[in-house]
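K.L.:
Below: one structure in structure tokens.
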Amino acid sequence: MLAAHLTQLDDGLPPGMAEALTVVDGVDDTLTRGLARPGEPDAAAWAALAAAVGGTPLAEPAAEAVRAATTGALTDAHLAVLAGARAALLGAAHDALLNRLDEALHRSRSPWAAAPPDSAAGSRSDAAPSGSSSDTEPSGSSSDTAPSGAPPDAAPDDSPGRAGARAWLHELALAGWRGADHELLSGVAAPVEAALAVPALRRLAVLLDGLAAELRTGTAADPARVPARRWADLWARAVLLAAGAADETAPPEPVSGRLLPLGVDVHEHDTAFQAQVHAVFEPAGGGTVRLVRVSVAAAKVATIVGPAGWRLLEAYPVLLKALAERRSVTVTDMPAHGGDLRWVDERAALGDPADPFATARVLLADATAAATPPLQRHPAAIAEPVLAEGRVTRDGDGALLVDLGGRAIPLATDRLPAAGPLTPALLATTTACLGLLRWDDGRWLLQPLAVRATVKKQTVEAHNGDWACGVTDAKVAKAEARAGDAVAVLRERAGRLLRR
């Protein structure tokens, strides 16, 4: 059935998308070179961006910002407009791709409802950038900023964290990726420290820290090879957050019902570890079955890798146990922003065993998806849960594909987390896969979250969340024991420092 749906996606790019991405590529090239001394190609690229948003409310401010960018009179406000125009183009590409995917899967989606101007936007500080090279930042969590009427920990636009971030991002744009030297990249420390001190700005702090780290290692490893789209995505996102941009999200709505996890997308980064659970939600008392996400995260250091990352999420025992034991969860008055639940472990209780594959077969097709908040709209952020049943084959280059009987879809093996039991060898024997359909570099890919495979003539299942409460593979557990518990060691050392 999935194969029949996916054949509808083989008609090339949606109309206008290729042109929009060409404009974005031109802008990204200018950011690679830097805006300090714009040349004719840079002026043409920015003029194309202004023309692309010419029929929108951004038309006049974008034209003014482009004039400033090409005459050397660029201000922080101009940079925010340019970043917003770039984000608008990629958001339009996201919407076109997602609309086509919804039509192919016959998936219903709630319309986006903008919040009233005087409503508060919820704040959230537990999100972190993904370790995947094609992600801009994980979706599934509300913005870290809020307009007037927001919670008291919301940071004002002139806070030291935001002001420092804007200044550093401005200098970075002038220098360009190739001109970012050690002194400039080291200068991110002050705005990161200032932003970390404000709970509402922690997302911005982690984003700045991650961008600087990628620039430092990327330019040192291979100066000629620049992931221009990736770094421009991170820079533009940071500029918008530093300018005070926020998703137009109404105050959280308390929801109660049964949560049936489908799988968990693990994001690993040198400075953060995040688990994003994709699930089906059945409201108490009946109602529309919905697709939802739950994101929990923690800061970390680079020495904490692989399964040890789960130890950082011990503040969420109910959620972790539900993942490890494949059980449902009953939630009561859990705050929800559209399709994203803000997890409060005390409001959750473990339920009965729930087979994710059975959940997908019975409920996934009729579940209603949530609209994507504006700031999270980007082609690389598309992650739609699907069930694919078919044998895995290899193409001429040895890459793994799921054969759906007339339609083969590549598996995103580069997204397999070290914190889970899924491996390319296991995927090669797969007969059913629960995963996320993603758009990456002009094609659709399936990112595995859980697989059913045949190993030594036995049917086995493996899920990304199987090790949430400890490694269950004997060989991996033995290797972990030999390596030592990095989390315990660091906590003990931190405790010693605090006692002094």
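K.L.:
Given the conditions (1) in contact with a strand residue (DSSP E or B) (Cβ under 9 Å, 6 or more places away or on another chain); (2) surrounded by 22 or more Cβ atoms within 10 Å (Cβ to Cβ); (3) at pLDDT 90 or above, which single one is not true for residue 272?
P.N.:
With (1) in contact with a strand residue (DSSP E or B) (Cβ under 9 Å, 6 or more places away or on another chain); (2) surrounded by 22 or more Cβ atoms within 10 Å (Cβ to Cβ); (3) at pLDDT 90 or above applied to residue 272, the lone miss is (3).
K.L.:
Just need a number here: residues in region 49-78 that are part of a helix (DSSP H, G or I) and within 18 Å of residue 173 (Cβ to Cβ).
P.N.:
Counting residues in region 49-78 that are part of a helix (DSSP H, G or I) and within 18 Å of residue 173 (Cβ to Cβ) gives 15.
K.L.:
Can you find even one residue in region 456-464 that is basic (Lys, Arg) and outside any loop (DSSP other than H, G, I, E, B)? Even if it seems obvious, please write down each step before you answer.
P.N.:
Just the residues of region 456-464 that are basic (Lys, Arg), to begin with: 456-457.
Remaining after also requiring outside any loop (DSSP other than H, G, I, E, B): none.
Looking for residues that are basic (Lys, Arg) and outside any loop (DSSP other than H, G, I, E, B), one finds none in region 456-464, hence no.
K.L.:
Take the conditions assigned to a loop (DSSP other than H, G, I, E, B), closer than 16 Å to residue 275 by Cα and touching a strand residue (DSSP E or B) at 6+ places or on another chain (Cβ under 9 Å) and apply them to residue 315. Does it pass? Steps first, please.
P.N.:
On the way: assigned to a loop (DSSP other than H, G, I, E, B): yes; closer than 16 Å to residue 275 by Cα: yes; touching a strand residue (DSSP E or B) at 6+ places or on another chain (Cβ under 9 Å): yes.
So residue 315 fits the description; yes.
K.L.:
Just checking, does region 60-78 include any residue being within 19 Å of residue 231 (Cβ to Cβ) and either exposed (fewer than 15 other Cβ atoms within 10 Å of the Cβ) or modelled with pLDDT under 90 (or both)?
P.N.:
no
K.L.:
Further question: In region 234-241, is there at least one residue being over 18 Å from residue 203 (Cβ atoms) and in contact with a helix residue (DSSP H, G or I) (Cβ under 9 Å, 6 or more places away or on another chain)?
P.N.:
Start the filter on region 234-241 by keeping residues that are over 18 Å from residue 203 (Cβ atoms), which leaves none.
No, the conditions are met nowhere in region 234-241.
K.L.:
Hey, can you tell me all the residues within region 258-307 that are in a loop (DSSP other than H, G, I, E, B) and either out of contact with any Asp or Glu (no Cβ under 7 Å at 6 or more places or on another chain) or farther than 25 Å from residue 488 by Cα (or both)?
P.N.:
270, 284, 285, 286, 287, 288, 289, 300, 301, 303, 304, 305
K.L.:
Within region 406-421, count every residue that is in contact with a Leu (Cβ under 8 Å, 6 or more places away or on another chain) and surrounded by 23 or more Cβ atoms within 10 Å (Cβ to Cβ).
P.N.:
So the answer is 2.
K.L.:
Mind telling me which of the residues 250, 245 ends up being among the small types (Gly, Ala, Ser) and surrounded by fewer than 17 Cβ atoms within 10 Å (Cβ to Cβ)? Lay out the reasoning, then the answer.
P.N.:
Working: 245 fails: surrounded by fewer than 17 Cβ atoms within 10 Å (Cβ to Cβ).
Criteria check complete, one pass: 250.
K.L.:
Looking at region 322-347 only, could you name the residues that are in a helix (DSSP H, G or I) and within 30 Å of residue 110 (Cα to Cα)?
P.N.:
If the condition is that a residue be in a helix (DSSP H, G or I) and within 30 Å of residue 110 (Cα to Cα), then 322, 323, 345, 346, 347 are the ones that fit.
K.L.:
Next question. Tell me whether region 436-449 contains one or more residues that are in contact with a Cys (Cβ under 9 Å, 6 or more places away or on another chain), of a type in the set (A, V, I, L, M, F, W, C) and at pLDDT 80 or above.
P.N.:
Within region 436-449, one or more residues are in contact with a Cys (Cβ under 9 Å, 6 or more places away or on another chain), of a type in the set (A, V, I, L, M, F, W, C) and at pLDDT 80 or above.
Results for (1) at pLDDT 95 or above; (2) among the hydroxyl-bearing types (Ser, Thr, Tyr), shown as yes or no for each residue.
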residue: 305; (1), (2): no, no
residue: 309; (1), (2): no, no
residue: 316; (1), (2): yes, yes
residue: 319; (1), (2): yes, no
residue: 329; (1), (2): yes, no
residue: 333; (1), (2): yes, no
residue: 337; (1), (2): no, no
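K.L.:
Residue check, residue 36 against (1) in a helix (DSSP H, G or I); (2) over 19 Å from residue 89 (Cβ atoms); (3) touching a residue at least 60 places away in the same chain (Cβ under 8 Å), all met but one. Which one?
P.N.:
(1)
K.L.:
Answer yes or no as to whether residue 261 is more than 19 Å from residue 110 (Cβ to Cβ), crowded, with 24+ Cβ neighbours inside 10 Å and not aliphatic (A, V, I, L, M).
P.N.:
Answer is yes for this residue.
The values are calculated or read from the model by the stated rules, or taken from the named source; none is laboratory data. On a predicted model such as this, the values are computed, not experimentally measured, just so you know. Cβ: placed from backbone, ideal geometry, glycine included. Neighbour counts: every protein chain shown.
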